[in-house]
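Working notes for the structure below.
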Amino acid sequence: MVASLYRQLIIEQQNQVASHLASENQRYQQLSLTVNRRSFAAQIRAADPKTAFIAWRSSVDMVGALTFVPDNMPVLPETKDFPIFTGGPDKLHILTGGLVMTRYGPVLIATRTDHLATLIDKFISAALWAVGLTLGLTLALGYIFSKAILRRLVHYNRLSEQIELGQYDTRLPLSNKNDEFDMLAKQFNRVLDTLEHNLMAVRGVTDNIAHDLRTPLSHLRIGIERLEAKPSAELAGASADLLEELDHCLATFDAMLSLTRIEEGQQSLDLQQVSLQGLCEDLFEMAEAMAEAKSQRLSLHLAEDISIAGDKHLLFQALFNLVDNAIHYSPIGADIELRQQGKLISISDNGPGIDDSDKERVFERLVRLDPSRHLKGTGLGLSMVKAILMRHQARITLLDNHPGLRAEIQF
């Protein structure tokens, strides 16, 4: 920027000098054509040196503001710089000029340019001061800004050390600036929210596993201890009971492993074109006898058929789990409806339903809404349903059926 201004100033000064000399050139050429030699000499003597330095050698002597004409002076518009000495405080002046060829011979026309050099020096000095001041101000502001950034980084580092020590409820502070640090803090806080939620979920799963498996494992231990005292006739029945308890424990672990493989994508899908209408017909055929056993009415309503790419076995497992839950938790004589319309499948009942606060929680692992947990089950059924549907890019929503529950699956 400064260099550009400097070049512009030099060019402007050169243009002014050239324009001034060209004007004087034309003036004295015209003057020589309109006046005689004596008048021409008088005009040169009367020329104001503040405007231009004029010198002409007459037949007798030099006329004008200068007492000599330097050698090798070019003809205007070509110019040449040359020094002159004066008796004033500034003894040396620099002139720029050239010759004008007139009727009475060559005339030297020059203008002073050393004051322009002084102006340029002042400009350079002012520019250097401006650059220095700007640089100093920039460094000062940069130092202040870097100190402010460093303080925030140090604070963030201290908070990260607290998080590393296990204080997962720690959050990075936000300012009113909404700058890059605030954006980073918001993202980091969201990560911490997810981490804390996952840790709580892991602790909940651990507690649920301990709660669910403690009773059957205690029964197994007690049953094994009592086997020695039982008569031979009762050993088969007692062993069968123990095996049932053990199968329940193994089923829980198998379900958890299967759920993990589905969620992590470790279990590949056997993709094929699956008719949603045919899938619902198979569900109805499988579950109708179960509903009749509880004197319940299971109805099927089909509309426009849609085929999707999916794993038929896993989809049937997920939807059957929902129908089985509706039959299992609805009372005797309840109405259960299986409806398919395009890519939407809904399973409705008029049972006890689920509270709004629990509609999302029931999809978590090992969550069972039965506080006493006396009903058999692993608490993994709905988790498995959601994992299977997510692998098929489907969405499940639990809604109130007034009364009862309605599960809607949108493919």
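When the chain is fully extended, how far beyond the present Cα-Cα distance does Glu164 get from Arg151, taking 0.36 nm per residue of separation? Please report the intermediate quantities before stating the final value.
Working: separation 13, 0.36 × 13 = 4.68 nm, distance 1.99 nm.
This chain segment gains 2.7 nm when fully extended.
Pairwise Cα separations in segment 260-371 fall into 10 Å bins from 0 onward with the following percentages, short to long: 13, 39, 36, 13, 0. The residues of segment 272-411 expose, per residue, 50 Å² of accessible area to a 1.4 Å probe. What the phi angles of segment 181-186 give under the Karplus curve with 6.51, -1.76 and 1.60, with θ = phi - 60°, is a coupling list of 5, 5, 5, 5, 5, 4 Hz, glycine and proline written as x. I need the calculated FRET efficiency for the pair Leu271 and Leu300, taking r as the beta carbon distance and R₀ as 25 Å, to the nearest 0.05. It comes out at approximately 0.45.
Gln26 to Ser58: extension gain in nm, 0.36 nm per residue of separation minus the Cα-Cα distance? Spell out each step's value before the answer.
On the way: separation 32, 0.36 × 32 = 11.52 nm, distance 1.99 nm.
Extra length available between Gln26 and Ser58 comes to 9.5 nm.
Applying 1/(1 + (r/R0)^6) with r as the Cβ-Cβ distance of Leu257 and Tyr143 and R0 = 60 angstrom yields a FRET efficiency of 0.55.
If I stretch the segment between Leu243 and Thr397 completely, what's the gain in nm (0.36 nm per residue apart, minus their alpha carbon distance), one decimal? Please report the intermediate quantities before stating the final value.
Numbers: separation 154, 0.36 × 154 = 55.44 nm, distance 3.72 nm.
Stretched fully, the Leu243-Thr397 segment lengthens by 51.7 nm.
Past 19 Å, Cα to Cα: identify those pairs from Lys186/Lys386; Lys186/Lys359; Lys312/Lys386; Lys294/Lys343, in the order given. Pairs exceeding 19 Å: Lys186/Lys386; Lys186/Lys359; Lys294/Lys343.
Considering only DSSP beta bridges where both residues belong to segment 276-368, give the percentage that are antiparallel (nearest 5).
Values: 6 of 12 bridges.
Bridges in segment 276-368 that DSSP calls antiparallel: roughly 50 percent.
The values are calculated or read from the model by the stated rules, or taken from the named source; none is laboratory data. Remember, it's a predicted structure, so these values are computed and weren't measured experimentally. Note that we place each Cβ from the backbone using ideal geometry, even for glycine, and neighbour counts take in every protein chain shown. Just so you know, the surface numbers come from the protein's heavy atoms only, side chains and all, with ligands and any DNA or RNA stripped out. Shrake-Rupley method; radii C 1.70, N 1.55, O 1.52, S 1.80 Å.
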